[in-house]
Each structure stands twice: as C-alpha cells, then as structure tokens.
Amino acid sequence: MNPTQNSGYPGGAAVFFDAVAQYILAQHRPLPEESKNNPLHHATILLPNYHAAQPLAQSLIRQSAQSALLLPRMITLQDWAQSLPITTKVTPDSCRAAMLYEALRTQRWFANADLWGITKELLTLLDEMTQHHVTLPKNADDFLAQLEQAYQAKRGTAMQFEARVVHELWYTMNNTGELDRVLAYQQRLAQLALAVQVPIYVLHACDFSFAEENFLNACRARIPVTLFDIRAMSIQQTHCPLVGHGVIIHAALHGTVSEDEKHLSTLSPCGTLHEQAQFVREHHSNLANRLRLFGAHDLEHEARAAELQVRRWLLAGKKSIAIVAQDRLVARRVRALLERAEVLVRDETGWTLSTLSVSTVLMRWLDALQSDFYFHDLLDLLKSPFIFSDRAADERKEVLYKLEQLVRKNSVVAHLPAFMEIAAGEGAVQTLLARLHQAAAAMQKNGGRKKTDTLAGWLDALQNSFEILGMGLATDEAGAQLLQSLQTWQHELAGNSTRFSLREWRHWLAQQLDANTFRDTNITSPVLLTHLAATGWRSFDAVLLLGCDDTHLPGKESGGMWFNDGVRVSLGLPTRQINLARQRDALLSLLTMNDCVLATWQASKNGEINLLSPYLEMLRTLHQLAYNDDLAERELGEILEVAQVRSAQFPLPVLSSMPTPAVPRDALPHKISAGGYNSLVACPYQFYARHILRLNEMDEVSEAVEKSDYGKWVHDILHQFHQQFPVLAQHKVEELNSALRRISDVVFAPALQRDYLTRAWLLRWQQAIEPYLDVQIKMELEGWHFKSGELPFELRLTDDLILHGRIDRVDGAGQVMRVLDYKMIDAGRLRNKLKDPGEDVQLACYAAAGESNSAAYISFDKDKIQIIEPPHDLGDLVQANMDRLITVFEQMQSGAALPANGIEEVCQYCEIRGLCRKSEWSIGGEQADEHG
Ligand code: SF4
C-alpha cells in the first residue's frame, strides 16, 4: 500500500451501500410515484450507528436515479424502542445500585471489601441474567446443585457462598414489582414487534442480543425483515475488484469460508493454510494496496510512527482519518504528539468525567472537607479557576497569594479556624475562609462530620455548598454536563432512603464519575479517535489501528468475578468466546469497509518479543503464502529513522553554562536585609532568585518541626526571659531555671499539639537551659547586662539604599554596647564563617545599625553554649562591609551580572539549586575541561 494514496472515495464501502440500496429500491418499485401499497418512505432501516445513515442515503438517491426521493426512516433499534412509552415504572440503575449496596451491607458478606465495586459487578451479572432470560430455581439448594454440576466439582465453601449471594440477591432485586433498564428494553421491543407494520431492513456487523433476535423473529412472522450482514456481504461479491479482498479477510478471521456457516456465503470448503492461500489467489483477494502492518520497537516508536502517518495522510489530502485505539496508552501519546504538531483530534470515545478538571475541583473540595482543610488540599482547591467564580480572577489570585504566604510563613498545616486566625487583619482572605466555613457547614448539616445521609441528600448538600463557593461550572461545557449528571442522579435517587456515610457517598460518586463520559463536541478535525466496536458499517479515507498486539486485539475481557464459562453455558449466559467473536467481527467489518488501513503494534516490549494480534498474524501468514508479501510497512520506519538522525543533529537546547542574569534597573530593590546581603555575598544568583524574583517568599510549609522552627522558638523564649529577668544576678538560679522552663513550655505548646516529635526539640532545648544560665551569669560577672532584644532597625546607606533587619539582643557594659545574635550552629562552623573578613556580613550589619563597639554570636549546640566573636577589628569590618554593599548596588544598577558562583558548602543547603541547575552546567564544565 502506498499509505498516502487517496483511494478516491466512495471506493469499496460504496459497493456495499449500493448493494443495500439496490435491494431496498427493488422492493419498492415503481419510483418516483411511490408504490401506493408499499411506499419506500414507510420502510424502516435499522442502523448499527447513525454514521451509516448518510452514505446509505446517498446510495439510495444515486441508485434510484431520481433527483428527489422520500427516504425511509433510518434509526437504531435502541432509539426506536426507546420512542415507545411503557406504563410500568422503570427503576434507574442508580437506585438499583443503592438497593444492592444496602443488601450487601446488611448481609455483611464482604467485610472490609470495596462494596461499590462488588455492587457494580453484581449488577452487570444480574443484567446479563435478565438479558438472557435466565431464571433461577426457587430453592437455593437446587441452584447450588446446578452449580455443582456445571463446575463438575463437589460443593465447597466458596461455591456455596457464590450460590447463596447470587440466588439471594437475584430474588431480592427481582421482587420489587418495577422494571429495570434491561427489562424495560425487552418490554418495549415486544410492544414494537406487535405494532410494526412496515418492512424492516437491518444493517448489522455482528450477532444480535437475545432480545433483539427475539424481536426480529417476532417481526418476521408479520412483515418482511431483510438482514444485510457485512460478514456475508464481504465474500458475496468476489467478482468485484473493489471488494474481492473480503475472501482473504474472511478466511483469516473466521479460519474458514465454509458451508457450515449458515449466515455466510458458501464459497469454498475449508482446508489447510496452503489450500486456503491457493483459494485466496484464485479469487485475486490481495490486500497489498489496502492494509499494512507496522511493528514498532516500543511505545514511543509506535506513537511517533502513528503521528507521522496521520500527518502524511493529511498532507495527501485525506479528509477523514480514524484512529482506532486498541491500546489507550499509545493513543494518549499519539494524541499528545499530534496536538504538539497542531493537529487536533476529535475524540469520539470521550473522557471519563473523573479525568476532567471540573471533577477535580469537586474532588478537591471533598478532599479538603475530609482532611480538615489540610493546607495542600486547601491551596489546590483554591487554585481551581472554577471556585469563587463570582469574584474577579485577579482578586482571587491575590487573595490566594496572600493566604499562601500566610500559610507558609506561619506553617499552619490544617484546620479552618487556624487559617482564620493567621489571616486576622486580611479582610479579603477572611471573607474567602468564611465562605469555605459556611460551605463546609452546608455539607455537614445535621451533626458534623460523622453524619449519614441518603445519596440524594448528599448531592443536595453538595449543590448547596457549590452555591456558597460560587462554583462556576455551568459556563464550561464539561462542567455543565457534570452539573446535569449530578442533578439527574439526585432526581433519580430522591425516593431512596438508604443512608450512607460521607466516605461511602464519596466512593459512590467517584464510581459514577468513572462510569460516565464527556465528549467535546467543539472540536472540528479530520482526525477522529474512536474504538473498534463503534466502526460497524463505517468507512474513512484512512484508518490507523493502534495497539494491535495479542493482548489488545482481541482485548481480554475478564467476564467478571462471578462464574466460569462452564457455569455460564449451563445458565445460558454468554461466554468469553462470544465477546471475542464480537471483536473479530468488528475487525472484519472495519477491514472490509476501509481500503487504506495501517495497523501498528509494539513488536517488542521491555526487550521481549510482543506478538501481533492472532487475527492479523493469520492475515499476514495467508498473504505471505498467497502473494509472498508479509504486508510489512517499511517506508514509514525509514522516514522515522531519518527524522531521528536529524533531531540528533539539532539537539534540544540544554542549559550548559552558569546563569549570569543582570537585574533591570527598575527591579532593583531599595532595601536589603542583613540576610539578603549575606546571600548576595555567598552567591549573587541566589540573591537574584530569592530577593529579585522573590522565590524565597514561598517558603515550604513545615509539617514536621524543623531546625528553623527550633531557632525561632529559642529566640522567642530568650527574649521573653530577658525581658522578665534583665539582671540574672538578682535571682536565684533555681528560680531562673524554672522560669525559663515555664516560658519554654508555653512557647513549645502549640507545636507539641500539632506534632508529637516536637517533644524531642523541647528536650534538646531543656538540656541547654542550665549551660545557658551559666554562660549568661558569667557574662554579667564580666559586666555585660541585657539592654534590649528583638530590635528592628533601618539604616540608610545611600539615597537609594536602606539596610534593615532585627537585632536579637543588645547588651551593655557601661558605655560599651554589644550586639548579640543567637545561632543554632556549632561554634566551629561559626568560627570558620568569621575567619575570612567579609564572608559573613551579619554581625557587621548589626554592629553598624546598633552603633556598637562589640558584636558576637551565641552558639547553641545541644548543651554547649559559647560566645563567638569576629577575630578582626569590628570598626574596620563594619566600614568594609558597608562600602562593599554600596559598591555592589551601584554595579547592579549599571547592569552587572549576578553569577551562580556559590561554593559547595553554600550550595548544599541552597533551595535555588533546581533553578540554577548547577548539576548540569558544573558537570558540563568538568567534561569540557577534561576534553579541553
Ligand atoms: S546552588 Fe549554589 S550556585 Fe546555585 S544558586 Fe545556590 S548557591 Fe548559587
């Protein structure tokens, strides 16, 4: 096949529609006057789907040779049946599921199991039993005996349990006096069979269900019913070069073309593969120009091949391209690649509601409720564009930003009242939190979080909470469908009085969202994503069959957790073989109706051989034997390889050198803290990221207590302590010790409530209390006394620059002042920092601001408390550091670059590492050095 060849529609598919049209028209001659007894427009054509309506209508008009024609009714059987009213009440599936769940919960058969999952499985089984008119014996023991025989095994606990569950639930669910969906369909079909007066023509591609077969048989007794089975038609017109290919497809997929298959043609006796190949050759049934097979190395290779082929078809002018996805994983990747190439894809299969962003906001809301507004859930919820849609987007973003800052600054982990407390004074944030509180109350009416309610009651509460939260779902197409679904379920379940906990309801809701799909009807594109079962009687300019390995074609349907195939046969239920036959027939229809098909699969997976679908393997083998052509698509692989070589020659840019940004003049700050100055000295890029880009403002919320929290508490404790006891010598040591412990307990209390591990930090601090008192008393003996603590300062250095900060403590000895800074760092590290003048700037800044003649760190290292002073003259240090700061700011104003040149000791604690990507360019630099 030349994959870019345009078949020149209508091609092969039109032959089938024309054949149908000719037959129908022949039954309704004369035209155009229309037979009085048997007018064409009174006939009904039953379609497998509405896509077949247009080509059939075109064939009818073409074959009639009339300029105008009153067309017959074309409808699917489901829609036709649905148009008939029935008087008995129909119980919706949602109510049946609730009833079944309640029965399972009462019986306690499945302790700690996923009851909604079991409910779904059981409902499917019960529906199948209804569909196939299965009647169970009245007596449970008789049913058990039936199972015993079918399993050909003696009754054991598992079999008895299975028999009891199915028997009991079947009778429970069938004694309501109401119809379910399946029974209602059967009743409608029975009524329709009695009412129908006109000839029926049926287009079909696979076997009918039991009820539909019954309906057609009942109709046949009164009116003409004609079936057009694509499986038979595919080999009836072997003389036609356009459809002669049907012979090989049929031979490969059905394994034989024999007289035994009553509904099919009687072309040939079956035989060995070689005999079948000979037969295929005699009928010139060649697929070379219609079907190609592409075996990829892996998923990415398959996806890229598929994307490339779709684009080639588009370039060749194909107007309708179907991607038939057997493997949804590959399909998702192909879709992403196509969208990257700006080719939109119409998705006929749709997205389950649970995967949509409109459902995400719903689930985030429930997450937040259930986690007591855990900050991640809360912030995630507030980031959704759907919540508080009655406020301007900018306003919402600003409030969210403020709240996020507050949360991160105060490390509040959960609990709405705690967020309200930290937001005191922030009106807009408070309003938002109050609405959340009100919405939570709406969900928790009648008694808090432990309450139970009916499914409809929960849905009603959800709707109320949505109104309070200003959920703007209605303006979004998917959101509108979600709201509609919620309302439908609420309406359907209004009469159900079973009560469920919030957790049970939420599980139910998640299952509902998983079971319902949304189709985006706004996308117009020649490329369509669909599934095999939806392709009956459809033709496209080109078809890409994705994921055709033996795992996905045929797909392995488990058949549910109840009964094996032997039991299913004995009960009269369809077996796995019937499901497989449906897939095979759908493939036959697809290959018959379409004359440009590329099937792809991953020929290897994780280094292992991955087999082609047995259907396509058979086709390939027959074709190889008949025509010495294994149908392999080779050209596509070669083009892909060339494309790969090209992309290797032009690799994507990587950040391969140290970033050195310059600060735009107007972005340069006019204030710098002592910490900021330290960062500027340690690594200019770190300063740029933290203080120009302000990335430091989004600190991580510490859920567990960290060393920085410990430092803050120690600062707080010592400040309170020295304010109460400015001169220690005036008090007994025991009094000081117990006072310090008391203050410590108060400061640590909130964190202890939140995190048990805080106790370890408290113990660590308690070990330091005595040594600290010893050091402080010793300092007093040297003449130093506490003057003030936590002293904010602003020091103007130039017209454009202010140095600001907070001094932990100022002590005095006569006229001499000393600034002190508490550090939770060991003395050795502090000495190292101070060794090189200018490396550590903090003490110099505080000394400048406090106009002090002395400065020191107080090092807290477990129970070791030490005073560490800079080894250099403080006056010189202050002068040099202030001069340098002014100069650096002038340089930045002139556009000087800020390189990421932190030393390893700084880098290992740096949170900006991910942004500066030191690991990439430093390794690149090392490699360059090695090669250079
Ligand atoms: S990781 Fe090192 S080089 Fe990168 S920004 Fe931080 S301190 Fe600078």
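Some observations on this one:
- Under the simplified labelling scheme, the H376-T226 pair shows an inter-label distance of 6.5 nm, with each label point 7 Å from Cα along Cα→Cβ.
- Sequence ranges 307-313, 402-408, 663-669, ranked by mean other-Cβ count within 10 angstrom, highest first: 307-313, 402-408, 663-669
- Range of Cα positions in the range 305-404 per principal axis (Å), largest first: 55, 28, 21
- Residues of the chain: accessible area per residue with a 1.4 Å probe, Å²: 48
- Extension gain for T517 to E477 (0.36 nm times residue separation, less C-alpha to C-alpha distance): 13.1 nm.
- The separation of the range 432-502 from the range 799-868, counted between C-alpha centres, amounts to 58 Å.
- Peptides 85-93, 130-138, ordered by how many other C-beta atoms sit within 10 Å of their residues on average, highest first, read 130-138, 85-93.
- Tilt relative to the chain, helix 157-174 - C-alpha long axis, 0 to 90 degrees, to 10: 80
- Spin-label pair N410-L71: with each label point 7 Å from Cα along the Cα-Cβ axis, the two points sit 6.7 nm from one another.
- Annotation: the range 85-156 has a Kirkwood hydrodynamic radius of 14.6 angstrom, from the mean reciprocal C-alpha pair distance.
- Volume of the convex hull of the range 554-623 (Cα atoms only), normalised per residue: 134 Å³.
- Angle of helix 707-724 to the longest C-alpha principal axis of the chain, folded into 0 to 90 degrees and rounded to 10: 40°.
- In a fully extended conformation the segment linking Q149 and L344 would gain 64.7 nm over its present Cα-Cα distance, using 0.36 nm per residue.
- Remark: the chain carries a charge dipole of roughly 2060 debye about the Cα centre, counting +1 on each Lys and Arg Cβ and -1 on each Asp and Glu Cβ.
- Our analysis of the range 739-798 gives Rg over Rh at 1.15, with the two radii drawn from alpha carbon positions and Rh computed by the Kirkwood formula.
- Pairs exceeding 22 Å between alpha-carbon atoms, taken from K671/K835; K712/K864; K823/K862: K671/K835.
- To put it simply, the accessible area of the chain at a 1.4 Å probe is 51 percent carbon and sulfur.
- The chain - Debye-derived log10 I(q)/I(0), Cα point model, q = 0.04, 0.05, 0.06, 0.09 Å⁻¹: -0.34, -0.51, -0.69, -1.12
- Where the alpha-carbon atoms of the range 143-194 are placed on the principal axes, they occupy 46, 22, 12 Å, in descending order.
- For K671 and R181, the difference between the fully extended length at 0.36 nm per residue and the C-alpha to C-alpha distance is 169.2 nm.
- Peptide ranges 627-636, 726-735, 678-687 listed from the most packed, as the mean C-beta count within 10 angstrom indicates: 678-687, 627-636, 726-735
- Cα-projected label distance for W351 with I639, points at 7 Å along beta-carbon direction, nm: 3.0
- Normalised by the number of residues in the chain, the mean separation of alpha-carbon contacts (under 8 Å, six or more apart) gives a relative contact order of 13 percent.
- Remark: the range 746-883 carries a charge dipole of roughly 640 debye about the Cα centre, counting +1 on each Lys and Arg Cβ and -1 on each Asp and Glu Cβ.
- For K605, distant residues with modelled amide H under 5 Å away: N610
- Here, P(r) means the percent of Cα pairs in each 5 Å bin from 0 to the largest distance; for the range 45-202 it is 1, 7, 13, 14, 13, 12, 9, 9, 7, 6, 4, 3, 2, 1, 0.
- Mean ellipticity per residue at 222 nm, deg cm²/dmol - from DSSP H runs of n ≥ 4 across the chain, formula -39500 (n - 2.57): -16000 deg cm²/dmol
- Overall dimensions of the range 772-915 as given by Cα atoms, namely Rg and Dmax in Å: 16.8, 52
- For the range 304-444, the residue among L416, S359, L400 whose Cα projects farthest onto the positive side of the dipole built from Cβ charges is S359.
The values are calculated or read from the model by the stated rules, or taken from the named source; none is laboratory data. In this text, all values refer to a predicted model and were calculated from it rather than measured experimentally. When we count neighbours, we look across all protein chains shown, and the Cβ atoms used for this are built from the backbone with ideal geometry, even at glycine. With ligands, DNA and RNA removed, areas are computed over all heavy atoms of the protein, side chains included. Shrake-Rupley method; radii C 1.70, N 1.55, O 1.52, S 1.80 Å.
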